[in-house]
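Q: I am attaching a structure below and will ask some questions about it afterwards.
The values are calculated or read from the model by the stated rules, or taken from the named source; none is laboratory data. Here the structure is a predicted model, which means the values were calculated and not measured. Glycine also receives a Cβ, built like all others from the backbone with ideal geometry; neighbour counts cover every protein chain displayed. Surface accessibility is based on the protein's heavy atoms, side chains included, excluding ligands, DNA and RNA. Shrake-Rupley method; radii C 1.70, N 1.55, O 1.52, S 1.80 Å.
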Amino acid sequence: MFRSATTALLRRPALAHKHSLSSTKAATKLSTRSAVSYTKILDKVLAINVHEKTKMVATKDIDPMYQKPVILPSPQGVQIARVAFRSFQTHRLDFYMNFCRKAAYSMGIPCSGTVCLPRVVRRWTVLKSPFVHKSAMEVFERRTHKRLLVVRDADPEVVKLWLEYINKNIPVGIGMKYWINEYETLD
């Protein structure tokens, strides 16, 4: 009797283990069935194959508009012009810098990459109330972001045309200054 009780006790966990395996198999069958039916529904509704692998697009097939601007090499390194930009919004400034670099590349002007200059943070403290409440103050700040482009080894006439073009297409909220270096021959 003792043996049968121990074997019964020992057999119960084994039976429970077998039942748990069958329940997990049933659960996996249900989950795979639901996944299969879900993909079938997607195939019917969207009229696409869900299991189709996405195709990789070659880099040369992408429109150059969405690529990084290409920098032409400058053989002599003679500085022709410096163009400084400033704005309160970095996303507009970076977008316009890419536009300027792409315009320079298309006109055959070698220019540097975008040089980030230190930003200027200006803060003001203003009283909230004009009467008695001196301790109630508000602080405002304005951040001015600056960028620089350096143009090297280009014809000064082409650089002036480029400057006119980028000045004509400058977006709202961006300021631009430029300095042109003119070189003369020694007589």
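Q: Hey, rough spin-label estimate for K160 and F99, points 7 angstrom out along Cα→Cβ, what's it come to in nanometres?
A: Inter-label distance under the simple model: 2.4 nm.
Q: Run the simple label-point estimate for M107 and I170 please: 7 Å along Cα→C-beta, distance reported in nm.
A: Label at M107, label at I170, 1.4 nm between them.
Q: May I ask you to give the percent of accessible area on the range 56-187 that is carbon plus sulfur, with a probe radius of 1.4 Å? Intermediate values should be presented prior to the final figure.
A: Numbers: 5370 of 9680 Å².
After summing per-atom areas, the C and S share lands at 55 percent.
Q: Hey, another quick one. Where only protein heavy atoms count, and the probe is 1.4 Å, what is the accessible area per residue for the range 120-187 in Å²? Kindly include the intermediate steps, with their values, before the conclusion.
A: Values: 5370 Å² over 68 residues.
Ligands and nucleic acids excluded, the result is 79 Å² per residue.
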